[in-house]
Amino acid sequence: MRNIIIIAFILTACVPTRKHEIFMTDSDYAEFDRQYSPDSSKILLNYGVDLGAFGYGRAGTAVLNFADTTKNFREFTIKQPLSRLNWITNDSISGSIDIIPFIRSGEKYEIKNETINGVEIVAKPYDFIEPDFERVIEFRELSPNKKYELVAYRYCKSWSALNFIHVSIIEKGQDIPKYGNYIIADMQSDYVFDGGWTKENKLVFYTNELYADMVQYYLVINRSNIGYELKVDNDKFGSKYRWIKKGSS
């Protein structure tokens, strides 16, 4: 994490300060994608700024009438960190807010609709589990003292698009919780790629050098008090980013 903070500082220090306003005519303006309303009278526009050698930085998503394309986009930008934005009607848009960080941290979340430029933004929670997804158990092992089970599982529709891992500790025979109660990863990586029990009824997880420092940020805050050991194995897991069943390719 220290390395990440240092990198972030360097990026901030090197990127020149720009004005808060963003206009389509700005030399560093970048458009990523746009969606038109059903009657094509409005635009849902995902935009950012060109950071030069550092690539492009996302600035937000604006809800615009065609006449607004000459104005400051900041005035029409959706305030909540929403994804999966789509038009419902000419005057309403649906959007999803990722609730996994709240589940992981144990914090309460409140989702509110907002109105931007006369268009209602209908927000809903999203946990990356679609109705047609199935729970796939990647690993399950009983502790040496026969009291607990370590279960690693994910929700997905196909093996070509694996969702992230949930890791739970349950009492023997207990139902598996919907969300991991020990580790919940994210779409970037599972961060741990194998695991099991030690003879002392503690946990051991395996990762690689790239993700070793990140594992701590994906632990569930109210997890079991069963401790864990993290082992880095680049020879076996150096190219991995998902925990796959033993014997699977």
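What follows draws every value from the coordinates through simple rules; no lab data is involved. Quick caveat, the model's predicted, so the values are computed rather than measured. Glycine also receives a Cβ, built like all others from the backbone with ideal geometry; neighbour counts cover every protein chain displayed.
The peptide list 89-98, 104-113, put in order of mean Cβ contacts within 10 Å with the highest first, becomes 89-98, 104-113. With only the Cα atoms considered, region 134-237 has a convex hull volume of 103 Å³ per residue. Take the Cα radius of gyration of region 18-126 and divide it by 2.2 N^0.38 Å, N being the number of residues; the result is 1.14. Listed from fewest to most Cβ neighbours within 10 Å, the set VAL151, VAL192, VAL232 follows the order VAL232, VAL151, VAL192.
For all pairs of alpha-carbon atoms in the chain, what percent lies in each bin of width 5 Å, listed from the first bin to the last filled one? In order of increasing distance, the bins hold 1, 5, 11, 13, 13, 13, 13, 11, 9, 6, 4, 2, 1, 0 percent. Exposure proxy shown here: for LYS202, LYS240, the number of other Cβ atoms within 10 Å sets the order, fewest to most, as LYS202, LYS240. On the beta carbon distance between ASN234 and LYS112, with R0 = 41 Å, the FRET formula returns roughly 0.35.
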